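Everything on this sheet refers to the single structure shown next.
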């Protein structure tokens with residue numbers, strides 16, 4: 001419970017990692033976690049030791065360290081050693097003897113924002129208190145495994161809602177573009193890290209809906225300079241390139257969004273598509289949250305995750321109800337896969353916030369069959385869109401504590 | 001102590017477990033009507049449930065205590081926190097169509113705090129408000145997030161107009177009917193309408209929830225355990241309500257040893273274990289441990305021997321204990337305290353408040369709104385009638401300020417209690433703010449069309 005509390009309440013921002021080399025960077029991160037943890041104790045330990053020494057003065061003292069925070073028990077000994085070392089540097093030597101005149105009681109505590117280290121320095125009947133605030137160290141990310149394994153690579157974290165993330169090539173350079181409700185930000189790589197490059201504000205003539213959604217759709221005619229389109233409720237933007245710089249031009253528009261090979265009209269005051277498609281089917285689906293095309297041996301079918309909770313499969317324009325979707329959430333995305341029939345359907349899970357997961361399914365007939373275990377996510381899925389090449393899907397989650405959005409690139413590998 | 005600090009999270013986890021089996025998760029759906037019942041008047045100034053749905057503040061404080069923009073988009077302090085300038089978010093309108101102007105905000109704020117405002121002057125400059133104070137106001141942005149500073153047009157009207165996610169459509173017989181504000185600057189709420197029915201007894205609230213006549217009802221801390229046993233879906237906040245014994249410093253209680261004897265005689269663990277069924281946390285500090293991290297420095301243990309020693313020689317005239325806004329649980333607490341005092345040789349009686357005499361002891365329940373520790377201490381000291389120190393920024397200074405005040409034994413903190421709600425299975429994404437206010441704007445209804 002304590003560790004869970006820590007992850008939920010104090011998970012710090014994670015450094016951005018390369019989309020191209022997630023495994024290498026994941027390995028580097030794993031190596032870095034313990035190092036960062038040990039580094040993070042040095043400063044507060046030094047500050048606290050300095051304050052203790054100012055009260056106690058040089059000489060022996062009995063030191064006790066008590067943990068009332070979410071710091072894992074196995075790290076408390078390391079903190080104690082660091083504290084003893086820092087105290088020694090100020091002339092205070094920790095002694096186990098009960099005969100010493102000075103007793104230092106250190107309590108590792110925490111509040112909503114920080115960890116708080118408190119020292120009570122007792123000399124005779126007099127007790128003086130000093131304290132320092134510190135930020136908690138990073139927590140490790142969970143992993144998943146099963147028949148087909150779904151993997152996630154961290155892209156970025158922000159306090160503002162992230163609606164979609166994709167990558168465009170500008171000349172020989174790859175750039176990451178991040179869509180938020182009121183702006184689009186581009187990133188360039190610098191020494192293996194994504195660094196903010198350009199920010200474009202996106203104006204809205206009317207308030208966005210409560211659960212804003214948006215999508216980046218990469219263009220197919222890069223030769224003309226047009227790189228991508230951005231679809232938001234009531235707004236469409238075009239992204240292009242000129243002399244190595246990106247340009248963005250936006251207009252109020254209710255044009256349909258390219259969702260699958262069809263285009264779908266979005267209800268700009270709500271969080272779903274109206275169900276009106278262009279060119280459409282003879283029988284249109286009902287209002288839906290998301291749609292995905294799934295390639296299988298008999299041809300490509302289209303699935304609609306409807307707002308009434310049903311998932312409808314269109315096979316050659318004919319709607320069919322499929323089974324095995326009772327546990328599905330509202331977000332679906334199809335990605336290419338080397339396993340099975342060539343496509344996998346990624347689906348967000350049923351259940352309530354603050355936990356969620358993504359699982360892979362195959363649909364050989366009219367039943368959805370799970371082919372992976374659920375990949376746990378530390379927040380609710382707020383967006384799931386396939387990337388342009390459908391090799392991966394971008395999944396955005398909203399974490400409850402602190403209120404933060406994180407984007408991941410999700411892919412599947414065959415076991 | 002630690003397990004009690006994290007108890008609310010345990011409860012929240014339990015809620016999640018129950019909710020998981022309740023139905024499939026899809027994106028929030030728009031539509032539907034939400035019915036809320038409360039014991040208090042939903043339109044009560046300053047923190048009635050309905051008011052928080054209709055009005056916005058200039059700022060708000062998030063769960064981790066960070067002050068965020070709301071109707072003000074930015075602010076800056078000058079002259080060592082004696083002057084603050086807040087710039088308004090452009091393009092906002094009240095529900096009645098009037099534009100949100102600095103003059104309208106200034107009028108609302110001045111009316112809210114009347115002559116007890118934390119600032120000494122308030123003026124408008126362009127699209128901004130300028131607050132000036134004879135004393136420094138380091139916590140002003142957090143202070144302005146409190147309910148009493150919600151911005152309204154015509155505070156006193158039966159149906160005042162705000163800028164919030166819901167607008168008032170009707171107020172009849174204590175029932176406030178609200179409709180979603182389609183033009184809300186943070187996005188239209190998911191539900192179409194909210195009906196808040198006040199002055200409902202707890203028994204009626206729980207009955208209405210069980211038969212589907214209410215969606216969200218109250219759960220007092222002492223009934224949290226029962227609510228979970230009854231398999232209600234319950235959501236509990238951090239500890240936000242302080243039960244505190246305010247001690248007069250006049251008459252016989254001018255003797256600070258006698259006040260200390262009272263503090264040592266009170267048995268917090270009995271209140272915690274018996275009356276509140278181990279919900280909340282015993283506290284010796286004014287601010288909850290979860291907010292400060294140093295709560296353990298204030299002892300909560302009873303010491304009846306020292307209490308008797310301190311009491312020795314003091315006059316034995318009976319003390320009068322009254323309860324501020326009494327209810328069943330505070331009545332029990334007061335009676336228990338009288339028993340505790342009697343065991344220490346102190347004589348006290350519980351009496352209803354009287355305008356003719358000043359009570360020696362007052363049992364108060366203080367709701368803590370501020371999510372920022374420094375602003376919370378300001379709020380708490382203000383509620384206890386104390387002068388607020390100018391600088392309470394860092395934990396060290398906060399601790400010393402609190403310690404110095406508590407050493408006067410004019411306030412004896414007893415317990416911190418959470419606020420909790422029970423809700424129906426059709427309610428989705430209900431969360432509580434740091435002070436236990438339900439975030440109705442994010443709620444959606446399962447099955448809404």
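Throughout, read-outs are computed from the coordinates displayed, never taken from laboratory work. Given the structure is predicted, the values throughout are model-derived calculations rather than measurements. Cβ atoms come from the backbone with ideal geometry, glycine included; neighbour counts cover every protein chain shown.
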The helix B:395-406 Cα axis meets the longest alpha-carbon principal axis of chain B at an angle in degrees, between 0 and 90 and rounded to 10, of 50 degrees
Per principal axis, largest first, the Cα atoms of segment A:148-414 extend in Å by 50, 39, 37
Quick note on B:366, A:55, A:369, A:162, ordering by fewest other C-beta atoms within 10 Å, gives A:369, A:55, B:366, A:162
Quick shape summary for segment B:56-157, equivalent ellipsoid via Cα gyration tensor, semi-axes whole Å in descending order, reads 20, 15, 14
Burial-style ranking of B:373-380, A:248-255, average other-beta-carbon count within 10 Å with highest first, yields B:373-380, A:248-255
Protection proxy (average C-beta count within 10 Å per residue), highest first, orders B:102-112, A:227-237 as A:227-237, B:102-112
Neighbour-count ranking for B:241, B:183, B:215, B:80 (other C-beta within 10 angstrom, fewest to most) reads B:80, B:183, B:241, B:215
Nearest-0.05 FRET efficiency for residue B:404 and residue A:174 at R0 = 51 Å, using Cβ-Cβ distance, is 0.30
Ranked output for segments B:190-196, B:344-350 by mean other Cβ atoms within 10 Å, highest leading, reads B:190-196, B:344-350
Ratio for segment B:215-316, C-alpha Rg to 2.2 N^0.38 Å, reads 1.35
Rounded to the nearest 5, the percent of DSSP beta bridges in segment B:240-418 running antiparallel is 70 percent
Hits in segment A:55-72: amide N under 15 Å from the 7 Å Cα→Cβ extension of residue A:95, namely A:56-64
Note: probe point = Cα of residue B:426 + 7 Å toward Cβ; backbone nitrogen < 17 Å; residues of segment B:209-231 passing the test are B:209-217
In whole angstrom, the spacing between the Cα centers of segment A:337-382 and segment B:341-376 equals 56 Å
Dividing the mean separation of Cα pairs under 8 Å (6+ apart) by the residue count of segment B:56-157 yields a relative contact order in percent of 34 percent
Computed over chain B: longest principal axis from alpha-carbon atoms vs helix B:373-383 long axis, angle to nearest 10 degrees, is 70 degrees
Partner shielding of B:293-300, as the mean number of partner chain Cβ atoms within 10 Å, equals 5
Partner shielding of B:57-66, taken as the mean number of other chain Cβ atoms within 10 Å, equals 3
Given a Förster distance of 22 Å, the FRET efficiency implied by the Cβ-Cβ spacing of residue A:245 and residue A:390, rounded to the nearest 0.05, works out to 0.20
Among the Cα-Cα pairs of the protein assembly as shown, the proportion with separation greater than 54 Å, in percent, is 17 percent
Per the helix-only model, the protein assembly as shown has a calculated mean residue ellipticity at 222 nm (DSSP H runs of ≥4, -39500 (n - 2.57) each, divided over all residues, rounded to the nearest 500) of -6000 deg cm²/dmol
Mean separation of Cα contacts under 8 Å (at least 6 apart) over the residue count of segment B:259-354, i.e. the relative contact order in percent, is 34 percent
Mean separation of Cα contacts under 8 Å (at least 6 apart) over the residue count of chain B, i.e. the relative contact order in percent, is 23 percent
Partner shielding of A:121-132, taken as the mean number of other chain Cβ atoms within 10 Å, equals 2
Between the alpha carbon centres of segment B:171-195 and segment A:301-317 the gap in Å comes to 33 Å
FRET efficiency for residue B:120 and residue A:326 from the Cβ-Cβ distance with R0 = 56 Å, rounded to 0.05, comes out at 0.35
Note to self: C-alpha centroids of segment B:53-68 and segment A:143-222 sit apart, in Å, by 28 Å
The alpha-carbon pair-distance distribution computed for segment B:240-418, with 10 angstrom bins and whole-percent values, is 10, 40, 37, 13, 0
Cα extents of chain B along the principal axes, largest first, in whole Å, come to 69, 56, 41
Per 10 angstrom bin, beginning at 0 and ending with the bin that holds the maximum distance, the Cα pairs of segment A:159-272 fall in percents of 14, 47, 31, 8, 0
Once both label points are put 7 Å beyond Cα along the C-beta direction, the residue B:40-residue B:231 separation in nm becomes 3.3 nm
Pseudo-spin-label distance residue B:342 to residue A:123, built 7 Å along Cα→Cβ, given in nm, is 4.8 nm
With no solvent term and unit scatterers on the alpha-carbon positions of segment B:159-220, Debye gives log₁₀ I(q)/I(0) at q = 0.15, 0.16, 0.27, 0.28 Å⁻¹ of -0.55, -0.61, -1.08, -1.11
